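The values are calculated or read from the model by the stated rules, or taken from the named source; none is laboratory data. Owing to the predicted nature of the structure, the values given are computational and were not obtained by experimental measurement. A quick note on method: Cβ atoms are made from the backbone with ideal geometry, for glycine too, and the neighbour counts reach across all protein chains shown.
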Amino acid sequence: MHRILIIEDDSVIADAIKKHISTWGCEAKCIEDFSSVMAEFVNFDPQLVLLDISLPFFNGYYWCNQIRQVSKVPIIFISSTSDNMNIVMAINMGGDDFIPKPFDLSVLTAKVQALLRRTYDFGGVSQLLECDGAVFNIGDATLSYHNEKIELSKNDCKILQLLMENKGSIVSREAIMTRLWESDSFVDENTLTVSITRLRRKLEAAGLTDFIATKKGLGYLVG
């Protein structure tokens, strides 16, 4: 079941799209708080986004740019401002398609299904993990914070993924070492300590101070 996020402030249109999408086997969600679109985006982790241009607080171009900082998820713009300039702008900002309003729901369905097939029949589905404003994309092993991507090593990614998958819970040193061993990395107690220290320095340099907490005698914790 594919997940589709609808970023549309006209509740009549949004609800109609959601209802229609649900009838052909997809899970759809409409944005409720237009001041925190990215938080809802990360929590829902959609496989396609339907995005209007004219929105409260920030327009669709802004949110498209924010999404592109952390994800390659397909984005289809839906808008009544369908002049050539806006269509070109939408594609240049990272959109994959543009559907002018008003539109027939069957046309929307066909375009969405075609884009989902092109995107996911030949590749994996990305997954996003979020904590304190930092977004880790498992699909391409990148960490983004305040629109900046933080350079990470292979082991950094393994450690962060495990910690963020267990956000709010303590992860033991043994569990982390096991995860690193799975990637053919030689890790003992001292090596892990050094790895955690280096990772913390990278995070702190990007503004993520105290992102990884140490629970003495137990392990590490984020969130």
Report task. Sort through 43, 92, 65 and tell me the only one that's closer than 23 Å to residue 25 by Cβ and of a type outside the set (D, E, K, R). Result -> 43
Report task. State whether the residues of segment 45-65 include one that is modelled with pLDDT under 90, aliphatic (A, V, I, L, M) and under 25 Å from residue 149 (Cα atoms). Result -> no
Requested in this report: Run residue 207 past the list (1) at pLDDT 90 or above; (2) on the phi < 0 side of the Ramachandran plot and report the number of the one that doesn't hold.
Outcome: (2)
Report task. Please go through segment 187-199 and pick out each residue that is surrounded by 18 or more Cβ atoms within 10 Å (Cβ to Cβ) and either part of a loop (DSSP other than H, G, I, E, B) or out of contact with any helix residue (DSSP H, G or I) (no Cβ under 9 Å at 6 or more places or on another chain) (or both). Result -> 187
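Looking only at segment 113-146, which residues are in a loop (DSSP other than H, G, I, E, B) and either at pLDDT below 85 or outside the structural domain of residue 201 (by TED's automatic domain parsing) (or both)?
Passing the criteria: 121, 122, 123, 124, 125, 126, 127, 138, 139, 140, 141.
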Report summary line: Checked 149, 202 against criteria (outside any strand (DSSP E or B), touching a strand residue (DSSP E or B) at 6+ places or on another chain (Cβ under 8 Å) and under 24 Å from residue 68 (Cβ atoms)); the one match is 202
**Report entry** Answer residue from segment 152-186, given it is assigned to a loop (DSSP other than H, G, I, E, B), among the polar types (S, T, N, Q) and modelled with pLDDT under 85 and is nearest to residue 131 (Cα to Cα) among those
**Finding:** 183
